[in-house]
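Only one structure is covered here, and it is reproduced in the block below.
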Amino acid sequence: MKKAETPKLTKKQQRLAWRAHQINVIGLCAVMLAGTLFMWFGKRPTYSEEEKRDLTKRPKFTVSSYLDGTFTSEYAKYFNDSVPLRSFFKHRIAVFRDHLGFTDDVEIHGGVPARQDDQQAETLPAETLPAETVPGMAATESAVSVTEPMTTEPPEEEEDVDGEMTNNIFIVKDRGLMLYGGGMQNGQNYAGILNRYHEALGSGVRVYSLVAPTSVSFYLPKKYSDMSASEPDNIDNINAYLDGVTPVDAYTALESHKKEDIYMRTDHHWSSLGAYYAAEEFAKVAGVPFAPLPSYEKHTLDGYVGTLYGYSGSSKLKDNPEEFTYYIPQNSYTCTYYDTDMTNEREAPLFLNPENLDTASWYLVFMGGDERITHLKTDTHNGRKLCIIKDSYGNAMVPTLTGSFEDVWVVDMRYFDLNIIDFLQEQGITDLLFAMNTYSATGGNARNLKTLLDQ
């Protein structure tokens, strides 16, 4: 059988084909040149609003750093971390991956956090732990008195849905969840630190521990429950080692409202509503009045996309923004801020104007953030003076307690430069509340509490 001959091109067709080839090469070179110029001369961002962090800075050139390879390594990090239009491209890539079908029922772009609860601390009656057990804490990351054990069963779900996980963040439908690694020994150490506060302050100061669960306790599908340690079990473990410190059961208070918007979908914080319910439980334990929710002035903003998108880059979060709601108390109070060493006193609003904030930073509406000391003088004349020692979860609780205490002092455990016991005694504190989430209580953040005692 004769092989079919390829038809020969005429000279005109050959010229046209050659010109098309030249145009393709020139076009490709132009695109590559434009991309190179864009990468080298485009404006590079210095801060990521979505991830709430400073991006890598351009390293300074020195002969020694160049010769030992440090400069080239650091420059590569800077070049990759601060791409021009970084946020835009990050979102478009996520959308592109979704369209290509890269998002299956479950996506793992990071990893499941190491579970630290396989060998749980022995449950003992509450006792004071020796101070020397505290320094050995290992980082895991980033209260009504309990009269019966908290439930450790996974919360009920209406349906068993699938999801995706990104950088230890689990995306289910349009909600992001942080997977929790646990830390029983760290929880025991945390309780020991709180016991030291109680011992140093004496019986004249009521000390409370409110460890807030995160949204993973309420919204993680049952089929993936083994990916996250039990926050209720870890909170129970902490409470078992408290001595003279009263636990506040925020988990049960929140569990009864889990069908409401008590946590943000796109952010790792709870919502203002969730903080309200936890503070309400604390007020019951402390025996102080608490303003009903309808008495607050409600403010709602549309279009919020928070930190979990920044951490994951998931288009499911970016394309499904949520409402951001906060409540302003209507009783009278004055708000005074200080630097972390109690200098630079200035009076200012308790709430920032969200119009002056980037959308991804709306959680800063509460006191403007963490790096300050806050004092509220209220019209609640009951002689009770509260100090809240907190992580960022505590910020949303502060406004809800202006109708419960005569004075409210707020200290972030990461940003305080004085000896904490001296400070509490100087302010005449009658009630001390530790308010933070499980990641802080069983993670590296807890070390800061010991630092405050010793500095």
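Please report the net charge: other residues with Cβ closer than 12 Å to the Cβ of V205, K and R +1, D and E -1.
On the way: positive: R206, R384, K385; negative: E199, D431.
The answer is +1.
Of K316/K390; K222/K316; K43/K173; K222/K390; K173/K223; K43/K316, which sit over 25 Å apart, Cα to Cα? Numbers along the way, then the final one.
Working: K316/K390 31 Å; K222/K316 21 Å; K43/K173 35 Å; K222/K390 31 Å; K173/K223 15 Å; K43/K316 28 Å.
Exceeds cut-off: K316/K390; K43/K173; K222/K390; K43/K316.
Let me check I've understood the local charge: for G428, count other residues with C-beta under 14 angstrom from its C-beta, Lys and Arg +1, Asp and Glu -1. What total comes out?
-1
Lysines near K11 by alpha-carbon distance under 28 Å, same-chain residues fewer than 8 away left out - which ones?
K2, K3
What is the order of D319, D370, fewest Cβ neighbours within 10 Å to most?
Details: D319 14, D370 20.
Placing the least packed residue first, the sequence is D319, D370.
Explain nothing, just compute: Karplus ³J(HN,Hα) = 6.51 cos²θ - 1.76 cosθ + 1.60, θ = phi - 60°, for every residue of the stretch 261-273 in order, whole Hz, x for Gly and Pro.
Karplus values, whole Hz, x for Gly and Pro: 7, 8, 9, 6, 7, 10, 10, 7, 7, 6, 8, 4, 5.
Quick one: which residues, 5 or more positions from Y263 or on another chain, have an amide H under 5 Å from its amide H? H modelled 1.01 Å from N in the peptide plane, none for Pro or chain starts.
HN-HN under 5 Å from Y263: S271.
So, counting K/R as plus one and D/E as minus one, what does the shell of residues with Cβ under 11 Å around G383 add up to? If you can, show how the numbers build up before the last one.
Numbers: positive: R384, K385; negative: E406, D407, D431.
Spelling it out: positives minus negatives among the neighbours equals -1.
Skipping prolines and chain starts, which residues have an amide H placed within reach, meaning under 5 Å, of the one on K258, given they are 5 or more residues away or on another chain?
Hits under the 5 Å cutoff: none.
Can you classify the stretch 131-454 as rounded, prolate or oblate using the Cα gyration tensor, where a ≥ b ≥ c are the square roots of its eigenvalues, rounded means a/c under 1.5, and otherwise it's prolate if a/b beats b/c and oblate if not? Walk me through the numbers before you get to the answer.
Working: a/c = 1.58, a/b = 1.20, b/c = 1.32.
It comes out oblate by the Cα gyration axes.
First check a/c for the stretch 249-363, with a ≥ b ≥ c the square roots of the eigenvalues of its C-alpha gyration tensor; if it is under 1.5, answer rounded, and if not, answer prolate when a/b is larger than b/c or oblate otherwise.
Numbers: a/c = 1.83, a/b = 1.17, b/c = 1.57.
In terms of gyration-tensor shape, oblate.
Can you sort L308, L424 by how many other beta carbons sit within 10 Å, fewest first?
Numbers: L308 27, L424 23.
Ascending Cβ contact count within 10 Å gives the list L424, L308.
R0 = 41 Å: FRET efficiency of Q427 with Y66, Cβ-based, nearest 0.05? Numbers along the way, then the final one.
Working: r = 53 Å, r/R0 = 1.30.
Step by step, r from the Cβ atoms, then E = 0.15.
Here, each number is a calculation from the coordinates, and none is a lab measurement. Note that the structure is a prediction, hence the values are computed from the model and not measured. So basically every Cβ, Gly included, is an ideal-geometry build from the backbone, and we count neighbours across all protein chains shown.
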